[in-house]
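The structure under discussion appears below in the form of structure tokens.
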Amino acid sequence: MKFFIDTASLAQIKEAQDLGVLDGVTTNPSLMAKEGISGEDRVRKHYVDICTIVDGPVSAEVIATDYDGIIREGESLAALHKNIVVKVPMIRDGVKALKYFSNKGIKTNCTLIFSAGQALLAAKAGATYVSPFIGRLDDVSTDGVALIDTIRTIYDNYGYTTEILAASIRHPMHIIQCAEVGADVATCPLSAIVALFDHPLTTIGLEKFLADHKKAAAAMAKA
Ligand code: E4P
């Protein structure tokens, strides 16, 4: 399973990249706003900055919601860097635009997926990725991971090559559960990725190995 980081923070992207397990980045307008990035030029420069840190897919979301606007904005984002993936909302004009981009060889990520039917439409339109928001589903007492599982079954039934990009991940168990049901990608906050490293028995085990090594070295020095 591929790991993307879900942030527009350059510091966090660098930190994740340094871990050696990062495959790509997703952003959205809220994440850009959180970093105080606004205005067309600054937004475009920020995407290019992200692309210089990570050599992998970087999702850049369109703001337009009408077909012509989505096409115009998407083409201009895609022209910024070869790694840009145009993020398009799951709306009628968005699905139409997915088809257009797919015919043009422009990579896309269909965002705000909350049902299997939406994921099926996005795959039929040729989306490169679909982003089911599992955390937001869990928030309304609906099983987000179960949706990933259902989409996996549907895509496998018909051989759709659209990748399932599990989004709105909140904690490390979401990552494990997504891996179990066969998500292609998980886009995660840095905290969820880092949490995968930790296990108390690893810490205790390493302390013991190092202490035993030190003891043996001291005994040898004495002999
Ligand atoms: C997906 O690409 C989105 O950026 C995302 O994961 C949103 O997650 P949230 O529910 O934590 O805002």
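The values are calculated or read from the model by the stated rules, or taken from the named source; none is laboratory data. Keep in mind it's a predicted model, so treat the numbers as computed, not measured. Quick reminder, even Gly has a Cβ in these numbers, built from the backbone with ideal geometry, and neighbours come from all protein chains shown. Just the protein is used for accessible areas: all its heavy atoms, side chains included, with ligands, DNA and RNA removed. Shrake-Rupley method; radii C 1.70, N 1.55, O 1.52, S 1.80 Å.
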message: With the condition being at pLDDT 95 or above, within 14 Å of the ligand (Cβ to nearest atom) and open to solvent by 10 Å² or more (accessible area, probe 1.4 Å), I'd like the helices (runs of 4 or more DSSP H) fully within the range 69-142 carrying at least 2 qualifying residues.
response: 134-139
- prompt: D184 fails exactly one of the following numbered conditions: (1) more than 16 Å from the ligand (Cβ to nearest atom); (2) open to solvent by 40 Å² or more (accessible area, probe 1.4 Å). What is the number of that condition?
  reply: (1)
Enumeration of residues in the range 143-170 that are on the phi < 0 side of the Ramachandran plot and within 11 Å of the ligand (Cβ to nearest atom): G144, L165, A166, A167, I169, R170
query: (1) more than 20 Å from the chain's Cα centre (by Cα); (2) charged (D, E, K, R); (3) at pLDDT 95 or above: which one isn't true of E40, the others all being true?
result: (3)
field: Matching entry among I134, I154, I176, I148 (being over 28 Å from P29 (Cβ atoms) and in contact (Cβ under 8 Å) with a residue 24 or more places away in the chain)
entry: I154
message: Here are the criteria: (1) open to solvent by less than 80 Å² (accessible area, probe 1.4 Å); (2) touching a residue at least 12 places away in the same chain (Cβ under 8 Å). Tell me which single one R170 does not satisfy.
response: (1)
- prompt: Does the range 29-49 include one or more residues that are under 25 Å from T150 (Cα atoms) and away from the ligand (no atom under 12 Å from the Cβ)?
  reply: no
statement: Residues of the range 171-181 being away from the ligand (no atom under 16 Å from the Cβ) and among the aliphatic types (A, V, I, L, M), in sequence order, are I176, A179, V181
